Amino acid sequence: MTTSTVQTATAKEPRTKAKPPDSDRTRSENSLGRKLVAPAIVLMLLVTAFPMLRALYLSLFDYSLTDPGERSFVGLQNYATALSDSLFWRDTANTVMIMVVTVAIELVIGFAFAMVMHRVIFARGVIRTSILIPYGIITVVSGFAWQFAFSNDNGFVNGWLPFISDNFDWFGEYGSSMIAIMVSEIWKTTPFMSLLLLAGLAQVSEDMIEAAKVDGATWFQRLFKVILPNMRAAIMVAVLFRALDAYRIFDNIFVMTAGANGTESISFLTYRQVIEQFQLGIGSALSVLLFLSVLVVAYLIVKIFRVDLASARQEG
Amino acid sequence: MKQKIGLGVGLAAILVWCLLPVAWIISLSFKSQQAVSNGSEGFLPQSGGGAGWQNYADVVGDDQFRRAILNSIGISLIATLLSVVIATLAAYAIARLEFKGKKFVLTTALVIAMFPVVSLVGPLFDMWRTIGIYDTWLGLIIPYMSFTLPLAIWTLSAFFREIPWEMEQAAQVDGATSWQAFRKVIVPLAAPGVFTAAILTFFFAWNDFVFGISLTSTESARPIPAALSFFVGPDPFSRPASLLAAGAVVATIPIVIIVLLFQRKIVAGLTSGAVKG
């Protein structure tokens, strides 16, 4: 007869927002919910929060793995060293430039792709698959492909571009190296951008566009007054995710130039200090600074564009 | 008519832009190493400069490379499996239960998705060496799990919200506990979403480079992207471009097969995870 009591107990409880504060059901849901999310939370914090706190601690020491016995407390000295070094600022400038340029270009190309995907009636599968392929390709591989493409003795880019001399060495100087890095980055990550934009585009009601058309709005007016404002949330989410991703650029630079000609990014600098030079003290200070700068970038984007992630997910 | 031409041009542009570099690296992988080191401009292998399948044979015959493929497959599969199981539990709670701390889980996941991975390299390098999992499979599986959990949780909870809630309630009315309702009713319904999350997780683990190069030092755990970047071949002074290209193609094949087979699911997963449509 236990089943019947359970039956009445649960059946009586309507799932409405105004729930009684201390019912058994609420309490058991609370505890089950916590148990179910616990492993995920523990794992996520174990590998991020804990090491980050450790980095914060280590950054206060003069600590090098080549000479671990000589660990000594230096306070904020490492931060002062990093912040007063022109290398740090040069790499930050590189990173910001890569972020701004690639995100801006990807937004335009990605939107064009999304429009085509949205409108096209035939060969949908083929188009979608080809757009997804760059996303699936390992960043390292994309870096190699573009490095060889730009290479002056094996590549095809010099031969194909009429205004470039056949012997031009793309990786011989700063500007052209950065262009090559950004092309690879844009190629690899535009698919992600265009998929997010496609999802937003699908939310814009066709009726509204049609109504604007009937009222005599031109193509440009429809795009800027109807379509874009209605997919604002999707655009903001796409920009936020891609910008933070671009700020962490590492693989492409590692493979294509290894930081030559001043093309290093801030991630690359941090990596080099820790893994190649075993400078855990200053490396940890750089880790903390990198983390803080990502927070600042995220904060600025959220504030400037007023991204509301909750409403984008209809969590409201 | 004008619009149709525009669409056609757009389509052609998309196809060329997306597939050209892929075609290029495949073409490069068929050039002979000699032709490449002498400098062979042009897109396709020229007459006499082709290598047939030689580069592929060399790559597959290379012990380091074979080992790296094995590492990548093993590590990515284990990380995917564990991560998806844990994310499924969490996403179920987020989508279906009312509990305090839900916002905290979603926010944590979001923050971690944006975390600058490189800033963990230092402390993890130090910690892993101290506890002795540096340069092991486990040393890579743990960070991969943590960093794929956010995407998996967001994707799965979006999927789970679409599942008809009445089914679970009906099971509970019939006497099932919350846990039984989860296992017997929701899991089968959620399987497609879980599968999508698994594909995306696998992508992340397979693509990772930062952890791959910094938390390994030998071939015992080095995954394929790291192995490719360290691959020097017989002559350390000139990088064997065509051999690398062959290696890159081999490393890419599993992913391309997955993309071809499951493109619909991948699109659904990527878009529902970020913006709910």
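The values are calculated or read from the model by the stated rules, or taken from the named source; none is laboratory data. Please read all numbers here as calculations on a predicted model, not as lab measurements. Positions of Cβ are backbone-derived with ideal geometry, glycine not excepted, and every protein chain shown enters the neighbour counts. With ligands, DNA and RNA removed, areas are computed over all heavy atoms of the protein, side chains included. Shrake-Rupley method; radii C 1.70, N 1.55, O 1.52, S 1.80 Å.
When GluC sites (Glu not before Pro) are flagged only if DSSP places them in a loop and at most 14 other Cβ atoms lie within 10 Å, the longest unflagged stretch of chain B comes out as B:163-277. The mean count of C-beta atoms from other chains within 10 Å of the C-beta of residues in A:247-254, rounded to a whole number, is 4.
Tell me, what is the FRET efficiency for A:Ala217 and B:Val85 to the nearest 0.05, using R0 = 41 angstrom and their Cβ-Cβ distance as r? In this case the efficiency is close to 0.20.
With the simple model of a label 7 Å out from the Cα in the direction of the Cβ, B:Leu70 to A:Ala123 spans 4.3 nm.
Take the accessible area of B alone and of A alone, subtract that of the pair with a 1.4 Å probe, and the total buried over both chains is about 9600 Å². Residues B:Lys265, B:Lys31, B:Lys184, sorted by accessible area with the largest first, give B:Lys184, B:Lys265, B:Lys31 [1.4 Å probe; ligands and nucleic acids excluded].
Basic side chains Lys and Arg get +1 at the Cβ, acidic Asp and Glu get -1 at the Cβ, and with that the dipole of the protein assembly as shown about its Cα centre reaches some 2160 debye. Amide H contacts for A:Phe61 (H built 1.01 Å from N in the peptide plane; partners 5 or more residues away or on another chain; cut-off under 5 Å): A:Val74. Farthest towards the positive end of the charge dipole of the protein assembly as shown, among the residues B:Ala13, B:Gln172, B:Gln33, is the Cα of B:Gln172, using unit charges on the Cβ of Lys, Arg, Asp and Glu. Each stretch of four or more DSSP H residues adds -39500 (n - 2.57); spread over every residue of chain A, this sum gives -21500 deg cm²/dmol at 222 nm.
The mean count of C-beta atoms from other chains within 10 Å of the C-beta of residues in A:145-152, rounded to a whole number, is 5. Each of A:Gly216, A:Asn252, A:Val296 was placed along the dipole of the stretch A:77-312 (beta-carbon charges, centred on the mean Cα), and the one lying farthest toward the positive end is A:Gly216. Can you bin the stretch A:77-312 into rounded, prolate or oblate? Criterion: square roots of the alpha carbon gyration tensor eigenvalues sorted a ≥ b ≥ c, rounded for a/c under 1.5, prolate for a/b above b/c, oblate for the rest. Judged from the Cα gyration tensor, the stretch A:77-312 comes out oblate (a/c at least 1.5, b/c at or above a/b). Taking Cα centre as origin and charging only the Cβ of basic (Lys, Arg, +1) and acidic (Asp, Glu, -1) residues, the dipole magnitude of the stretch A:77-312 rounds to 740 debye. Protein heavy-atom surface of the stretch B:80-218, 1.4 angstrom probe: 70% of the accessible area is carbon and sulfur, with nucleic acids and ligands not counted. Note on the stretch A:63-125: dipole from Cβ charges, positive end direction compared against A:Ile109, A:Leu83, A:Met99; the farthest Cα belongs to A:Ile109. In this structure the stretch B:62-231 gives 35 Å² per residue of accessible area when probed at 1.4 Å with all protein chains present. For A:Ser84 and A:Leu295, the difference between the fully extended length at 0.36 nm per residue and the C-alpha to C-alpha distance is 73.9 nm. Over the residues of chain B, the helix contribution to mean residue ellipticity at 222 nm works out to -24500 deg cm²/dmol, using -39500 (n - 2.57) for each DSSP H run of at least 4. Under a cut-off of 18 Å between alpha-carbon atoms, report the aspartates and glutamates in cross-link reach of B:Lys100, not counting same-chain residues fewer than 8 places apart. Those aspartates and glutamates meeting the cut-off are A:Asp22, A:Asp24, A:Glu29, A:Glu315.
Remark: mean inter-chain Cβ contacts per residue of B:99-109 equal 5, using a 10 Å Cβ-Cβ cutoff to other protein chain atoms. How would chain B be classified by its alpha-carbon gyration tensor: rounded, prolate or oblate, with rounded meaning a/c under 1.5 and the a/b versus b/c comparison settling the rest? In terms of gyration-tensor shape, oblate.
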